[in-house]
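Worksheet: the structure to be examined is printed underneath.
The values are calculated or read from the model by the stated rules, or taken from the named source; none is laboratory data. What you see is a predicted model, and the numbers here were worked out from it, not measured in a lab. All Cβ positions, glycine included, derive from the backbone under ideal geometry; neighbour counts span all protein chains shown.
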Amino acid sequence: NAGVTQTPKFRVLKTGQSMTLLCAQDMNHEYMYWYRQDPGMGLRLIHYSVGEGTTAKGEVPDGYNVSRLKKQNFLLGLESAAPSQTSVYFCASQRLGANTGELFFGEGSRLTVL
Amino acid sequence: QQPVQSPQAVILREGEDAVINCSSSKALYSVHWYRQKHGEAPVFLMILLKGGEQKGHDKISASFNEKKQQSSLYLTASQLSYSGTYFCGTENTGNQFYFGTGTSLTVIP
């Protein structure tokens, strides 16, 4: 049972390049989240999804887009990477009803934008 | 929207106690607590669903004051393995789940 898998785990981009981070979960969870983690800032919510075909903005959505075409996958896209997007990105999933259960996290994706 | 935690950092000797506080400006429906070791993903510790509820997990317990929109994590008789960064997580409205700013805890022998 893999849980939550993020790919890639490491990536270096040049300013202006685009890329997509993939999050896949095999627990049939409804809710999925993308966070970024920067030193001293904790985990900040970028976008989230409460089910297949739905997405919504979190607190720091600018510069990112997401899609949830399949229930098990949540994609995070950077159309034109900027050095300010250098961060560690975590995906998490949660079963239906945010009050009812823990968030399961992927191992993280470390992105560096030069 | 991000909850505020205090203190930002704390250093303890083995066996000492610590309290970590989490405060939100928004009404809370639930509070989670997670611990993250360096270079790893956060790991779930516990969830509190009702106002005033206290939950325990070994020597780690937590309380949730719904009225004050606050939660506290209590670590007693700390062990070296308790070292890490602790985050509270809160769900308010609209299924948005926000994490606090984090508290770095270091336990030394």
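Residue A:58 - would you say it is free of Cβ contacts under 8 Å to residues at least 12 places away in the same chain and either more than 9 Å from every other protein chain (Cβ to nearest Cβ) or not hydrophobic (A, V, I, L, M, F, W, C) (or both)? When the stated conditions are applied, residue A:58 does not pass them.
Please determine whether any residue of segment A:21-36 is among the polar types (S, T, N, Q), under 19 Å from residue A:79 (Cβ atoms) and surrounded by fewer than 19 Cβ atoms within 10 Å (Cβ to Cβ). Looking for residues that are among the polar types (S, T, N, Q), under 19 Å from residue A:79 (Cβ atoms) and surrounded by fewer than 19 Cβ atoms within 10 Å (Cβ to Cβ), one finds none in segment A:21-36, hence no.
Applying a threshold of 6 Å to beta carbon distances and a minimum spacing of six or more residues, or different chains, the list of pairs starting in segment A:34-52 at a residue that is within 8 Å of another protein chain (Cβ to nearest Cβ) and ending at one that is in a strand (DSSP E or B) and among the aromatic types (Phe, Trp, Tyr) reads A:35/A:90; A:42/B:99; A:43/A:35; A:43/B:99; A:45/A:35; A:45/B:98; A:48/A:33; A:50/A:31. Scanning segment B:4-44 for residues that are assigned to a loop (DSSP other than H, G, I, E, B), in contact with a strand residue (DSSP E or B) (Cβ under 7 Å, 6 or more places away or on another chain) and within 9 Å of chain A (Cβ to nearest Cβ) yields a total of 4.
Residues of segment A:73-111 that are aliphatic (A, V, I, L, M), modelled with pLDDT of 95 or more and surrounded by 16 or more Cβ atoms within 10 Å (Cβ to Cβ): A:75, A:76, A:78, A:81, A:88, A:92, A:111.
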